[in-house]
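Shown next, in structure tokens, is the structure this report addresses.
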Amino acid sequence: MKVLAILYTGARAAVQEPRLLGTVENKLGLEKWLASRGHELIGTFNVLLPILSMPDEWLLVSSDKEGPNSDFQKHLVDAEVLITTPFHPGYLTRDLMEKAKNLRLCVTAGVGSDHIDLNAAIDNKVQVLEVTGSNVTSVAEHVVMDILALVRNFIPAHEMIERGDWQVSDIARNAFDLEGKVVGTIGAGRIGYRVLQRLLPFDCKELLYYDYATLPKEAEQAVKARRVEDIEEFVSECDVVTVNAPLHEGTRGLINEKLLSKFKPGAWLVNTARGAICDQDAVASALKSGQLRGYAGDVWNVQPAPADHPWRTMKNPLGGGNGMTPHYSGTTIDAQARYAAGTKSILENYFDGKEQEPANVIVGDGAWATKAYGQR
Ligand code: NAD
């Protein structure tokens, strides 16, 4: 049994904070757990702790994921189980999957498995599971924070204070209340719905959603949300758009130059779903021109984002409007406890031949098991 886990490097923080479970150093707590299940031949390797010989049964944990000589590509070839996380995605292309002859199970420690070619997983009968729901509240809270940070022009205000300046008018000229604004979510699943629930007390003018799946009537009424079926009409009505849909063929590049031109001039856009849902250059120029007043999120089309990625430094004409962070909204300490526990439970079911929790299955038995990754 060969289990390969690609996680992010925690370095000093992971040593000081053992609850950073999603790191190479703390290995999702798998090392101890596997040993407690009687897997005695467990060797744990990573770039920090290389060993020379391989036992028959091993867990390889590494953050080294790019290129043919990476631990990811070298050890994928004979791994049976692959554990990855969206925060530091090991991109499992069709080409790599076809070389991984023993691969049976991919587990996403978190939510969002688009870094795996899901169509190739279907063709190669590789199951893909994620820890559904594990970090949806963490992300919904982040979305609300990003919306407020942009609408209230918080980040330039704080930066001004650190610089030693004090010019209230420079900040106030672009600061608004969320009350009375129209906010809409693209995707009203677990995260999108939680965002709507959290926005309800802000007395927005209206809450809208765009999703091919209609919310049940009672759920719609509980958050007083209205569904808009046409995406152009939807964005033209929103002061704030938040993206909460998975990345798939139907959402890749969905927010492009054409759609951005249909937004209300000066709207705010928050995307904590996946970077590639928004066109990188179209967003940067919409912010530069003022068509977007602000853009915030934690997800990037390539992760880690290169140092010169335009989203790191893009600004609106008044020098603000950028609320980008590294991908961390779904990897709070609380979320890590949940997705580490969920990963173990998926592995346990797999080892013991038990049925998996249906909500966790994205691809199972050579077929789609979810309706969330596009209309088919
Ligand atoms: P979910 O499956 O509960 O909901 C997704 C919703 O999106 C569904 O209602 C689905 O019908 C809808 N959808 C799919 N395609 C659509 C389209 N083309 N247009 C409109 N709606 C569409 O998933 P969730 O738990 O809410 O998570 C959503 C996504 O958020 C994940 O797939 C992941 O990419 C992202 N995410 C990010 C983080 C983070 O740390 N930033 C953490 C968790 C999840």
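Couple of notes before you dig in:
- Surface listing: His142, His158 arranged by accessible area from highest to lowest gives His158, His142, probe 1.4 Å.
- Comparing Pro89, Pro18, Pro306 in a Gaussian network model of the chain, where Cα atoms under 10 Å apart are tied by springs, the biggest mean-square fluctuation is seen for Pro306.
- Estimated FRET transfer efficiency when R0 is 25 angstrom, pair Glu232-Arg252 (beta carbons, to 0.05): 0.90
- Three-way shape label, the stretch 240-356, alpha-carbon gyration tensor, a/c 1.5: prolate
- Given Lys181/Lys262; Lys65/Lys125; Lys74/Lys354; Lys217/Lys288, the pairs whose alpha carbons are separated by over 28 Å: Lys74/Lys354; Lys217/Lys288
- Cross-link partners of Lys205 among aspartates and glutamates, defined as those whose alpha carbon lies under 14 angstrom from its own and excluding same-chain residues fewer than eight positions apart: Asp177, Glu179, Glu237, Asp239.
- Debye log10 I(q)/I(0) at q = 0.23, 0.24 Å⁻¹ for the stretch 305-376, Cα point scatterers: -1.04, -1.07
- Placing R0 at 51 angstrom, the Cβ-Cβ distance between Phe351 and Trp166 gives a FRET efficiency of 0.25 after rounding to 0.05.
- Using every pair of distinct Cα positions in the chain, the Kirkwood expression returns a hydrodynamic radius of 21.7 angstrom.
- Amide H contacts of Cys106 (H built 1.01 Å from N, under 5 Å, at least 5 apart or other chain): Leu82, Gln127, Val128, Leu129
- Residues in the stretch 240-258 that a label on Ala213 would reach, taking backbone N under 18 Å of a point 7 Å out along Cα→Cβ: 243-252
- Diffusion constant of the stretch 136-324 at 10 °C, which comes from Stokes-Einstein with the Kirkwood Cα-pair radius and 1.306 mPa s, µm²/s: 96 µm²/s
- The stretch 80-149 and the stretch 300-376 have Cα centres lying 6 Å from one another.
- 5 angstrom amide H check on Ala267, placed H, neighbours 5+ away: Arg293
- Reach of Lys2 by Cα under 18 Å, taken over aspartates and glutamates that are not fewer than 8 positions away in the same chain: Glu31, Glu40, Asp56, Glu57, Asp64, Asp71, Asp78, Glu80, Glu98, Glu348, Asp352
- Mean projected area of the Cα convex hull of the stretch 74-215, taken over all directions, amounts to 12.2 nm².
- Fluctuation leader among Leu103, Leu129, Leu259 - the chain, Gaussian network, Cα springs under 10 angstrom: Leu259
- Rounded to the nearest 10 degrees, the angle from helix 136-151 to the longest Cα principal axis of the chain is 30 degrees.
- Prolate is the label for the stretch 184-294, because the ratio a/c of its alpha-carbon gyration tensor axes (a ≥ b ≥ c) is 1.5 or higher and a/b is greater than b/c.
- The chain - mean residue ellipticity at 222 nm from DSSP helices (-39,500 (n - 2.57) per run, n ≥ 4, rounded to 500): -9000 deg cm²/dmol
- Kirkwood-Stokes translational diffusion coefficient of the stretch 207-259, alpha-carbon pairs, 37 °C, 0.692 mPa s, µm²/s: 268 µm²/s
- Residue (of Ala149, Asn256, Pro201) at the positive-pole extreme of the chain, dipole from beta-carbon charges: Pro201
- Note on Val77 and Ala222: the extension gain reaches 47.3 nm, defined as 0.36 nm multiplied by sequence separation minus the Cα-Cα distance.
- Selection from Leu318, Ser169, Gln221, by position along the positive dipole direction of the chain (Cβ): Ser169
- Per-selection Rg to Rh, the stretch 122-176 - Cα, Kirkwood hydrodynamic radius: 1.38
- 3J(HN,Hα) along the stretch 104-120: 10, 9, 10, 10, 8, 7, x, 10, x, 10, 5, 6, 9, 6, 6, 5, 5 Hz, from the Karplus curve 6.51 cos²θ - 1.76 cosθ + 1.60 with θ = phi - 60°, whole Hz, x for Gly and Pro.
- Placed amide H near Thr185: partners under 5 Å, 5+ positions off or other chain: Leu208, Tyr209, Tyr210, Thr242
The values are calculated or read from the model by the stated rules, or taken from the named source; none is laboratory data. Worth saying up front: this structure is predicted, and the values here are computed from it rather than measured. Positions of Cβ are backbone-derived with ideal geometry, glycine not excepted, and every protein chain shown enters the neighbour counts. To get the accessible areas, we keep the full protein, side chains included, count just its heavy atoms, and leave off ligands, DNA and RNA. Shrake-Rupley method; radii C 1.70, N 1.55, O 1.52, S 1.80 Å.
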